[in-house]
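The values are calculated or read from the model by the stated rules, or taken from the named source; none is laboratory data. Being a predicted model, the structure only gives us computed values, none of them experimental. Cβ atoms come from the backbone with ideal geometry, glycine included; neighbour counts cover every protein chain shown.
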Amino acid sequence: MTKRLVCWLLLGSMLCMGLAAGAKNILVMDHIQVFGTIDPARGTDYTETYAMLNVYDPLLFPNAKGELQPHLATAWTVTADGLSYTFTIREGVRFHDGSLLTAEDVKFSFDRIMALQDGFSWLWSGLIEQVTVDDTYVVSFHLTEPFAPFTATLPWLFIVNKDLLMENAVPGDYGEFMDYGSEWLNAATSEDAGSGPYSLKSWDRGREIVFERVEDYWAGWPKGDASVDEVHSMMITESATVLTMMRKGELTLTDYYRGYTEYEEMAKADNVVLVESPSTEVISFKLNTKVAPTDDIHIRKMLAYAFDYATMTDQLEPGSTLALGPVAPNVPGHNPNLFQYAFDLDKAREELEQSSYYPDVPTIQLVTPQFGESRRNASLRLKELVETLGVNVEIRLEPWGRMTELASTVESTPNIMLISVLANYPDADSYLYGMYHSDAAGTWMSTEWLLDPEVDRLITESRKVVDPVERTALLYEVQELITGQVPDVYMNVMPIRVAMQDFLKGFTPRPIGTYFYYFRDWWYEN
């Protein structure tokens, strides 16, 4: 097979894409959000997670339908009481430094994330009594109580190299484990502690991160030499730059947070294709229920009636669908029977006039991310419509890092934050616990500050129930209770949408987090 070779000067070095003799298959993609960390015990947002899932391996891995498949774990059993899960670990897996991965690394990885209390540790907080190494390749998780979604959460437990991290550990807060190697891993720009299909080649923070294919990866390379050898992910915020680079063939793949009109323009270029697929990403205006004036349910209902949903799905984000509640329709546990708000300014006015703040309603503060044309336009549309009712709305554009800071306290959280949430695991609990349980308050997912004891009780109970019928009933009930309080204006469910050069094949839209950015899926084809 022959392939054209495309080369260009980028960041001072020559990069070549293609299958010409001696050339690497180099993929260049853009991102619009800074990589804060790629430590698998600390990262949570979309850039951090796609780095983590390519450099590190989890026990279980989602297929294209979101079904979990054996990965580092080849088999597992669960005790009848649902309190112990025992996993057989694949033998012969090697970390990037050549050392063997064993059950001891699995235990260390879990203990580390729970000790650091960062990243996805909230998934298991208070639920795991201990992890035991039962044999060189056998590990057990002993729960404090039944946790129905436990296996569904395991794509976010990435296994790290215990010996390597301890070799580089410095004195810290964790006794014999010192700092768990966190300082070294945080500072590393060309080293990692993973066993995944790609290793960290270089990291120019704030500009570009580069991943290199591990040729002897334990799971192999189905497409052999056609696989992607290097991935260069570049920080590019300017839409015009992305469009120009796509037209010139300098970008292989775009970020999926671009606006719809931008993708349309890119798709007009020769050799560029647009790929769309359903996702689990629910976009909403999150309403702070604890600060004036959105602490008044009538103000919140006013906002829900005042939004022009059709403009969002038909004009701003064609291909998206209306959101019905906080859980995407393709995620198990979604309640399809929830009340659906519709655009109705008369009803919006009725709710406004019932508010305790009427007629002197304080200005509503709305924060939306700097990236995303459609999100900015959705915020402007809400402002326009609400102001026809005599209520002032002040919009601020903020970088993502600043938005996460604002979300940390109830007082600093604005009245409205426009935020999207993907399913971290294929279960309604991924949304419900992460957004509405009081234990999750203070994170970017939970800027509603609902803090409702009955919601907490139902969510907690739904996590313990193993019987699927009983559990579904609980999940339905808590969604009804939540949406009845109108903590969000649920707008739409986004499709996964990217533009790419037509020679890139294998893009697989796995419906869990950013698992659709799994580089091992991809290859170049003439």
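Residue-wise test of (1) of a type in the set (A, V, I, L, M, F, W, C); (2) closer than 25 Å to F519 by Cβ; (3) at pLDDT below 95.
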| residue | (1), (2), (3) |
| --- | --- |
| M166 | yes, no, no |
| A169 | yes, no, no |
| D173 | no, no, no |
| W184 | yes, yes, no |
| G196 | no, yes, no |
| S202 | no, yes, no |
| E208 | no, yes, no |
| E212 | no, yes, no |
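Scanning the range 336-382 for residues that are buried (at least 21 other Cβ atoms within 10 Å of the Cβ) and more than 30 Å from G401 (Cα to Cα) returns Y341, A348, E351, L352. The condition of being closer than 30 Å to E262 by Cβ, surrounded by 18 or more Cβ atoms within 10 Å (Cβ to Cβ) and of a type in the set (S, T, N, Q) holds for only one of S182, S233, that being S233. In the range 63-78, the condition of being of a type in the set (D, E, K, R), exposed (fewer than 15 other Cβ atoms within 10 Å of the Cβ), outside the structural domain of L458 (by TED's automatic domain parsing) and at negative phi is met by at least one residue. Screening M302 against (1) closer than 18 Å to N415 by Cβ; (2) surrounded by fewer than 23 Cβ atoms within 10 Å (Cβ to Cβ) leaves a single unmet condition, (2). Looking across the range 443-492 at every residue that is buried (at least 24 other Cβ atoms within 10 Å of the Cβ) and among the hydroxyl-bearing types (S, T, Y), the one that is farthest from L406 (Cα to Cα) is identified as S462. Within the range 471-481, is even one residue assigned to a helix (DSSP H, G or I), assigned by TED's automatic domain parsing to the domain that holds I297, free of Cβ contacts under 8 Å to residues at least 24 places away in the same chain and within 25 Å of Y305 (Cβ to Cβ)? Looking through the range 471-481, at least one residue is assigned to a helix (DSSP H, G or I), assigned by TED's automatic domain parsing to the domain that holds I297, free of Cβ contacts under 8 Å to residues at least 24 places away in the same chain and within 25 Å of Y305 (Cβ to Cβ). The helices (runs of 4 or more DSSP H) located wholly in the range 340-409 that include 1 or more residues which are within 30 Å of V242 (Cβ to Cβ) occupy 373-387, 400-406.
Is it true that V331 is among the hydrophobic types (A, V, I, L, M, F, W, C), more than 21 Å from V493 (Cα to Cα) and either assigned by TED's automatic domain parsing to the domain that holds V393 or within 18 Å of the chain's Cα centre (by Cα) (or both)? Considered against the rule, which asks whether it is among the hydrophobic types (A, V, I, L, M, F, W, C), more than 21 Å from V493 (Cα to Cα) and either assigned by TED's automatic domain parsing to the domain that holds V393 or within 18 Å of the chain's Cα centre (by Cα) (or both), V331 comes out as no.
Residues in the range 236-255 that are farther than 22 Å from N526 by Cβ, within 23 Å of the chain's Cα centre (by Cα) and buried (at least 17 other Cβ atoms within 10 Å of the Cβ): I236, S239, V242, D255.
If only residues of the range 125-179 that are assigned to a loop (DSSP other than H, G, I, E, B) and aliphatic (A, V, I, L, M) are counted, the one that is surrounded by the most Cβ atoms within 10 Å (Cβ to Cβ) is V160. Kindly indicate whether K268 is surrounded by fewer than 22 Cβ atoms within 10 Å (Cβ to Cβ), farther than 23 Å from P509 by Cα and either at pLDDT 95 or above or not β-branched (V, I, T) (or both). So K268 does not fit the description; no.
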